[in-house]
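The values are calculated or read from the model by the stated rules, or taken from the named source; none is laboratory data. Being a predicted model, the structure only gives us computed values, none of them experimental. Neighbour counts run over all protein chains shown; Cβ positions are idealised from the backbone, glycine included. To get the accessible areas, we keep the full protein, side chains included, count just its heavy atoms, and leave off ligands, DNA and RNA. Shrake-Rupley method; radii C 1.70, N 1.55, O 1.52, S 1.80 Å.
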Amino acid sequence: MATITIRTDKVVDEALEALTGADKSRSEAVREAILLAYSELRHAQLRAEAEALRDDPADVAASRKLAAEM
């Protein structure tokens, strides 16, 4: 496990304060934020891939052919 150090500004400090409390440490809040950002990135990548396949005439034709064979 790695350790990172970040510089925060007033806005980040306020956000971090809002995300932490008696039940969540700063480290936990930062880890959750990183994982959420990663999840959103993967979702956007998968959506873009699905849209590209949807818009690919060759892939659409292959999908229709496969569906007709079933």
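Some observations on this one:
- Residue within segment 13-24 that is of a type in the set (Ser, Thr, Tyr) and out of contact with any helix residue (DSSP H, G or I) (no Cβ under 6 Å at 6 or more places or on another chain) present: no
- In segment 49-58, of all residues being assigned to a helix (DSSP H, G or I), open to solvent by 90 Å² or more (accessible area, probe 1.4 Å) and not basic (Lys, Arg), the one that is farthest from Ala2 (Cα to Cα) corresponds to Pro57.
- Verdict on Leu46 being more than 19 Å from Ile4 (Cβ to Cβ), modelled with pLDDT of 95 or more, open to solvent by 80 Å² or more (accessible area, probe 1.4 Å) and under 16 Å from the mean Cα position of the chain (by Cα): yes
- If the condition is being β-branched (Val, Ile, Thr) and open to solvent by 80 Å² or more (accessible area, probe 1.4 Å), then segment 1-11 contributes Thr3, Ile4, Thr5, Ile6, Val11.
- Hits in segment 12-24 - residues which are in a loop (DSSP other than H, G, I, E, B) and surrounded by 12 or more Cβ atoms within 10 Å (Cβ to Cβ): Thr20
- Meets criteria (out of contact with any Cys (no Cβ under 9 Å at 6 or more places or on another chain), of a type in the set (Asp, Glu) and surrounded by 10 or more Cβ atoms within 10 Å (Cβ to Cβ)) for Glu28: yes
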